[in-house]
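Below: the structure, in structure tokens.
Any read-out appearing in this document is the output of simple, stated calculations on the displayed coordinates, not a laboratory observation. In this text, all values refer to a predicted model and were calculated from it rather than measured experimentally. Heads up, the Cβs are rebuilt from the backbone with ideal geometry, glycines too, and the neighbour counts pull from every protein chain shown.
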Amino acid sequence: MSNEREPTLQSSQINKHSFIHPSILTSMETTHNHAVLVVDVNGSSIINKGDRDDHPQSTAHDAHDPPLISAVSRFKSWLLSDCLSDLRFILLGTKLCILFPAIPLAIFANHFHFGKPLMFASSFVGLALLAERISFLTEQIACSTGPTVGGLINASCGNATELIIAIIALCQRKIDVVKYSLLGSVLSNLLLVLGSSLFCGGLANFGKEQKYSLRQVHVNSLLLLLGLLCHAVPLMFRYAFSSGSLAADPTLQMSRLSGVIMLAAYASYLFFQVKTHRLPSVPQNQNEEGVDDDDDDKEEAVVGYWSAFVWLAGLTALIALLSEYVVDAIEGASCSWGLSVEFISIILLPIVGNATEHASALIFAYRNKLDISLGVALGSATQISMFVVPLNVAVAWIVGIEMDLDFKLLGTACLAFAVIITSFALQDGTSHYMKGLILMLCYIVIAASFFVIRVHPKPSSANIGTQTPPGRMLEA
């Protein structure tokens, strides 16, 4: 019949000649009673002929409308809806969203001088929330990668808090805060994060035998032992030679040389993990019939790959701001709460900074994915010990600040016991909840040893670790 309407353009035909996003095309395609507008690559409009007959005025109006402007407006609408969707998942996708008011509270406390303890506490809570959100974003990125690369990404992004706090404290010449916060991060990853992961994973998979690859355990253990040697040598120099027996103190020079060696070793470790000896993507999650047990547990990313990187940059900027508040207020909080700066730096700050690794390691251990869980915990500890610590020594060297690798006797001894106990616990390739319990108890003992220290720096001191009176900070 002459009045019969021509068939409407299909989505496949539209996509072939258009540059508009498919989500926009879906909203543009309507029933046979409405017009269909598509802009092709040449900038001309394609309008259904039958709709042109039904709506002559609308057709005449669209003929004079610039089609590119119409397409751009629809693209902006799609982009806005995509950003709002990401915002909903990032800000409201966790039960910890009730802690978001702590971030503006920290800003107001700093601006209106509400007091150092309040500024420290609100910044502390805000950092914990932001670290957890960074964990979520790294998991979204890791959906497109294997366990090795995913673990490295998670460890790298998770250590952003520690690195930022250390750099800010270094710029303020608070050397002891830098050392103790990084030492506490290594201890927390080896004992608290790894221990709680093995403990919860063992209870959640009580009837299963949890196995993991020994290759990454051995490599990380060797690197941690190398880092321990680099930290112990300056301490041994201090005891082996008296102050007048040498023309110059070799501690600083040896620390800088050791820092260069540690950075080279970590670069080799990255090449080993990513290129030459990558872990198989699914080594342990198959049952006896060869069927993957975790097919039902696989999750799809709800945030786009590149969108996750953009949000990571924004959250990292907030972490840098709150980290500056924490470093500024740590002395006031120490005096107000009756806690030593050592305890706050070694125990409290790493708990916040390692919230990313802690959450990820617990989730993967609960799902019986110990290779990823160990990659997160051990990878983070190795990265702090072999990359972040020598990086701070190098930065201090560049800006003219004397920072060595001497963690004093108590700190070095705690690091040595943590590395040795962890290496012994992971040497057989299997796990159960008892191993995790022992590691957590070791962490409690170390935390108690720093908690009983009741010596605080003077509130007016602005350069902790540079000109500290004898007996004020930890001494051998």
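The table below gives the values:
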| quantity | calculated |
| --- | --- |
| Extension gain, ALA313 back to ILE420 (0.36 nm per residue minus Cα-Cα distance, nm) | 34.9 nm |
| Prolate/oblate/rounded call for segment 333-424, Cα gyration tensor, a/c under 1.5 rounded | prolate |
| Separation of the TRP306 and LEU87 label points, Cα + 7 Å toward Cβ, nm | 2.1 |
| Phi to ³J(HN,Hα) by Karplus 6.51 cos²θ - 1.76 cosθ + 1.60 over segment 169-174, Hz, x for Gly, Pro | 5, 5, 5, 8, 6, 9 |
| Pairwise centroid distance, computed over Cα atoms, of segment 346-363 with segment 102-132, Å | 18 |
| Long-range HN-HN contacts of GLN210 with modeled amide H, under 5 Å | SER431 |
| HN-Hα J in Hz across segment 252-260 - Karplus 6.51, -1.76, 1.60, θ = phi - 60°, x for Gly and Pro | 5, 5, 5, 5, 5, 5, 5, x, 5 |
